[in-house]
Structure formats: C-alpha cells, structure tokens
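Chemist: Dumping the structure here so I can ask a few things about it.
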Amino acid sequence: MRRIFSGVQPTGNLHLGNYLGAIRNWVHLQQDYEDCLFCVVDLHAITVWQDPTQLRASTREVAAAMIAAGIDTEKSIIFNQSQVPAHAELAWIFNCVARMGWLNRMTQFKEKAGKNKENASVGLFAYPNLMAADILAYKGTHVPVGDDQKQHLELARDIAQKFNNDFGVDFFPVVEPLIFGEATRVMSLRDGSKKMSKSDPSDQSRITMTDDADAIAKKVRKAKTDPDALPTSKDGFEGRPEAANLMGIYAALSGQDLAQVIQDHGGHQFSQFKQDLADLMVDKLQPITTEMRRLADDPGYIDGVLKRGAEKARALSEPIMAEVHDIVGFLRP
C-alpha cells in the first residue's frame with residue numbers, strides 16, 4: 001500500500017511558496033496515488049499563539065485553496081488536524097519514544113526560537129514528534145516535502161524505527177520523501193537568500209493567493225534584482241539569488257525545466273522578464289484566487305468538506321491506534 005500524507009499550516013497569508021512547494025504538487029499526486037490525505041495542521045499552528053477567530057478563518061482559507069487549486073474532495077481526504085484525536089494521542093506516545101538529543105539537533109527549532117529559546121513553547125520544541133504522528137497515524141508511506149522539512153522527515157523515520165525496535169514489531173513503515181522539481185523552495189521577492197514567508201513584515205516580499213492581478217504585477221515589478229542581464233547558464237546564478245529565484249518561479253509556473261527558461265530568457269533584461277513573469281503568474285493564479293473567493297462566501301460548504309474528511313481520516317486512524325494501544329500495553333474497553 002502506498003499512502004500520501006501532507007499538511008500545511010493555517011497561519012494566514014497563504015502564498016506562492018505554499019502553492020508551488022505543496023498544494024500544486026498535491027493536485028498532481030492525487031492522479032498517481034489512490035490514497036491521499038491532505039491536512040490543515042492547526043495543532044502545529046498553535047505552537048505559537050494564534051488569535052482564535054483568525055485561526056478558524058485561516059483554516060477555511062487553506063481548505064478553500066486546496067479545493068480551488070484542484071484537489072478532488074471525493075478522491076482525496078481534506079481535513080483539519082484537530083478533528084482527529086489520533087494526531088495528539090500518537091504525538092504523546094512519540095514524545096516518549098523520541099530522544100531529547102534528536103530534537104536538540106533540529107535546526108528549524110533553533111531558527112524559529114532564535115535567542116528566546118527559553119521562552120519558546122514546549123510544543124514548538126516537540127513539533128517534529130507531532131509531524132511524525134501526523135504521518136504514522138495513517139501508516140503513511142510517502143510524504144512530499146520541501147528542503148526545510150527533510151530533517152523532520154528523517155526524524156519521523158527514526159521514530160518509526162525506534163518504536164518498532166523497542167516493541168519488537170514491524171508495525172510503522174519507514175516513510176519515503178517525495179522531492180519535486182523547480183521552485184520547491186520559493187524565496188522572498190525582497191531578499192533572494194530568505195524563504196518566502198507569511199511572517200515577513202513586508203507584504204511586498206510575497207505573492208499571496210488572494211492577490212489580484214494588479215497587486216501581482218506591482219509586486220513582481222518591484223521585486224529585488226541586480227543590474228546585470230539574466231544569466232545564460234546555471235553557473236551564472238552564483239551570487240545572484242534573486243535571479244535564481246525569479247527564473248525558478250517562472251520554470252515552476254510554466255511547467256518548464258530551468259534550463260529551458262535560461263535558454264529562452266538568458267541575456268535579457270529583468271524589466272521584460274518581470275513583465276513576462278507577472279503575466280504568467282496572473283494566468284496561473286487568478287482562476288484559483290477567483291474560486292477561493294467564491295468558496296470563502298460559503299463557509300458552511302468548507303466546514304462540511306473538513307467534517308467529512310475528518311470522518312474518513314478517523315476511520316483510517318482508529319484501527320491503527322487500537323493496534324498501537326495493544327503494542328504499547330494500554331488497556332482498552
């Protein structure tokens with residue numbers, strides 16, 4: 001059995017990086033895999049404080065983006081994490097399997113906590129254990145991940161193997177990563193060395209999934225570049241992160257490989273390329289944005305999709321958790 005699991009946080013300002021790095025790939029995956037679960041990971045979101053009203057709105061926004069982008073709610077399971085108790089329950093069990101030393105090596109915690117490590121939540125520190133539980137509560141076998149999540153997926157593999165070894169079972173699968181092509185890591189429009197982020201204080205740093213055509217054109221036009229012409233080979237990207245980012249985005253949106261984009265646009269000035277890129281973004285994103293807005297006007301429909309998805313997810317996770325209880329030695333009714 002091959003089962004896909006992946007998730008995205010509902011922290012507002014869903015952007016181009018979320019679409020190209022995750023949601024668009026999920027749409028493709030559902031054509032090749034019979035068993036796909038796509039989760040709005042609201043438990044992960046609260047590792048830092050969230051306004052409750054905004055969290056609910058952002059959860060619906062992410063679900064709307066999935067549907068608008070082309071995820072089939074009949075073929076795939078869309079749900080929010082907190083509606084399925086197995087995630088939190090298995091995360092606690094994995095808290096007792098994973099080692100402190102493993103978590104101390106997680107670079108993303110160090111980046112997010114910064115100098116305020118002592119004030120960070122326990123949830124932020126143990127985040128990778130919950131991520132492992134997200135996948136393994138369904139015995140997920142394949143997970144599409146970006147570069148920034150590969151370390152967490154390696155930890156999920158370690159946890160699965162240690163659980164199996166501790167209890168002398170061959171129960172949890174060793175999860176395989178799925179890494180995709182161009183622009184799996186979309187960078188900021190204001191600084192090509194930093195990842196495009198919802199938390200960046202500058203709205204000009206990202207293309208959001210709710211931007212209209214004028215906003216997209218303006219942001220692309222103002223995107224940071226350098227004075228030289230576009231590179232004519234991949235070697236020309238060295239020391240030019242903005243050129244690499246913009247051409248990578250073009251490749252991803254157009255469905256071309258980066259070599260073809262370099263061949264077509266290398267040597268040209270940024271001004272013309274930016275216009276071409278903006279036109280391409282509008283062409284690809286505006287139908288999704290329009291559908292997201294339509295869905296936003298019908299929150300009852302979104303809630304219904306999430307409820308039905310959670311019911312399907314619980315039906316998959318409950319027998320697995322019953323076996324986990326038996327393996328660990330918990331008494332059950």
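Chemist: Could you please state, rounded to a whole Å, how far the C-alpha centre of the stretch 107-124 is from the C-alpha centre of the stretch 35-88?
Modeler: If we compute the Cα centre of each part, the gap is 24 Å.
Chemist: Going from most exposed to least, what order do SER82, SER202 have by accessible area with a 1.4 Å probe? Intermediate values should be presented prior to the final figure.
Modeler: On the way: SER82 65, SER202 40 Å².
Reading off the accessible areas and sorting them downward yields SER82, SER202.
Chemist: Also: So what's the angle, to the nearest 10 degrees on a 0 to 90 scale, between helix 270-296 and the longest Cα principal axis of the chain?
Modeler: Its long axis makes an angle of about 40 degrees.
Chemist: Follow-up question, since we're still on this one. At most 13 other Cβ atoms within 10 Å and a DSSP loop assignment: could you name the chymotrypsin sites (Phe, Trp or Tyr not before Pro) in the stretch 231-333 that fit? The partial results should precede the final answer.
Modeler: Details: sites: PHE237, TYR250, PHE270, PHE273, TYR301, PHE330; in loops: PHE330.
Answer in residue order: PHE330.
Chemist: Each label point is 7 Å from the Cα along the Cα-to-Cβ direction; what then is the distance between the points at ARG221 and LYS110, in nm?
Modeler: Result for the modelled spin labels: 4.3 nm.
Chemist: Which shape class, rounded, prolate or oblate, goes with the stretch 219-269 when its Cα gyration tensor gives a ≥ b ≥ c as root eigenvalues, a/c under 1.5 marks rounded, and past that a/b bigger than b/c marks prolate? Don't skip to the end; give the middle numbers.
Modeler: On the way: a/c = 1.63, a/b = 1.13, b/c = 1.44.
Because a/c hits 1.5 or more and a/b fails to exceed b/c, the stretch 219-269 counts as oblate.
Chemist: Also, I was wondering about something else. Rounded, prolate or oblate: which one fits the stretch 111-153, using the alpha carbon gyration tensor with axes a ≥ b ≥ c (rounded when a/c is under 1.5, else prolate when a/b beats b/c, else oblate)?
Modeler: On the way: a/c = 5.30, a/b = 1.84, b/c = 2.88.
The shape class here is oblate.
Chemist: Run the simple label-point estimate for GLU323 and VAL48 please: 7 Å along Cα→C-beta, distance reported in nm.
Modeler: 3.8 nm
Chemist: Please check: in the Gaussian network model of the chain (C-alpha springs, under 10 Å), which one of ASN80, ASN18, ASN95 has the largest mean-square fluctuation.
Modeler: Answer for the Gaussian network model of the chain: ASN95.
Chemist: Tally the DSSP beta bridges in the chain and give the antiparallel ones as a percent, rounded to 5.
Modeler: On the way: 2 of 16 bridges.
Counting only bridges with both partners in the chain, antiparallel ones make up about 10 percent.
Chemist: Still on this structure, I have one more. Using r as the Cβ-Cβ distance of GLU89 and PHE171, and R0 as 22 Å, what FRET efficiency do you calculate, to the nearest 0.05? All intermediate terms of the calculation are to be shown ahead of the outcome.
Modeler: On the way: r = 16 Å, r/R0 = 0.71.
So the FRET efficiency works out to roughly 0.90.
Chemist: Short version: ³J(HN,Hα) in whole Hz for each residue of the stretch 304-311, in order, from phi by Karplus 6.51 cos²θ - 1.76 cosθ + 1.60 (θ = phi - 60°), x for Gly and Pro, what are they?
Modeler: These are the phi-based 3J(HN,Hα) values: x, 4, 5, 5, 5, x, 5, 4 Hz.
Chemist: Please give the calculated 222 nm ellipticity per residue for the chain, where each DSSP H segment of at least 4 residues contributes -39500 (n - 2.57) and the sum is spread over every residue; nearest 500 deg cm²/dmol?
Modeler: Details: 13 runs with 174 residues, N = 333.
That calculation yields -16500 deg cm²/dmol at 222 nm.
Chemist: Separate question: Please calculate the 1.4 Å probe accessible area of HIS28, with all protein chains present, and give it to the nearest 10 Å².
Modeler: Surface open to solvent at HIS28 totals about 100 Å².
Chemist: I'd like the distance between the alpha-carbon centres of the stretch 266-333 and the stretch 209-252, rounded to an integer number of Å.
Modeler: If we compute the Cα centre of each part, the gap is 26 Å.
Chemist: Skipping prolines and chain starts, which residues have an amide H placed within reach, meaning under 5 Å, of the one on LEU178, given they are 5 or more residues away or on another chain?
Modeler: VAL143, VAL145
Chemist: Further question: With a cut-off of at most 14 other beta carbons within 10 Å, and DSSP calling the residue loop, which GluC sites (Glu not before Pro) in the stretch 51-104 qualify? Please list them.
Modeler: Values: sites: GLU61, GLU74, GLU89; in loops: GLU74.
Those satisfying the criteria are GLU74.
Chemist: Next question. Which one, SER205, GLY168, LEU230, is farthest towards the positive end of the dipole of the stretch 168-312 when Lys and Arg carry +1 and Asp and Glu -1 on their Cβ?
Modeler: Looking along the dipole axis, the top candidate is SER205.
Chemist: May I pose another question? With the Cα gyration tensor of the chain giving a ≥ b ≥ c as the square roots of its eigenvalues, does the rule (a/c under 1.5 for rounded; else a/b larger than b/c for prolate; else oblate) give rounded, prolate or oblate? Could the numbers behind the result be given before it?
Modeler: Details: a/c = 1.94, a/b = 1.63, b/c = 1.19.
The shape class here is prolate.
Chemist: While we're here: Percent of accessible area on the stretch 155-287 owned by carbon and sulfur, 1.4 Å probe?
Modeler: On the way: 2840 of 6360 Å².
Of all accessible area on the stretch 155-287, carbon and sulfur atoms account for 45 percent.
Chemist: Moving to a separate point now. Output ³J(HN,Hα) for the stretch 121-136: one whole-Hz value per residue in order, computed from phi by the Karplus curve 6.51 cos²θ - 1.76 cosθ + 1.60 with θ = phi - 60°, and x for Gly and Pro.
Modeler: 6, 4, x, 5, 5, 8, 2, x, 5, 5, 4, 4, 5, 3, 6, 7
Chemist: With θ set to phi - 60°, apply the Karplus curve 6.51 cos²θ - 1.76 cosθ + 1.60 along the stretch 322-327 and write out the HN-Hα couplings as whole Hz, x wherever there is a Gly or Pro.
Modeler: My calculation for the stretch 322-327 gives 4, 5, 4, 4, 5, 5 Hz in order.
Chemist: Taking all protein chains together and a probe of 1.4 Å, list TRP92, TRP102, TRP26, TRP49 from the most accessible to the least accessible. Write down the numbers at each step before the final one.
Modeler: Details: TRP92 160, TRP102 50, TRP26 0, TRP49 200 Å².
These residues rank, largest area first, as TRP49, TRP92, TRP102, TRP26.
The values are calculated or read from the model by the stated rules, or taken from the named source; none is laboratory data. Model, not experiment: these values are computed from the prediction. Virtual Cβ from ideal backbone geometry, glycine too; neighbours counted across all protein chains shown. Note: areas computed on protein heavy atoms with side chains; ligands, DNA, RNA excluded. Shrake-Rupley method; radii C 1.70, N 1.55, O 1.52, S 1.80 Å.
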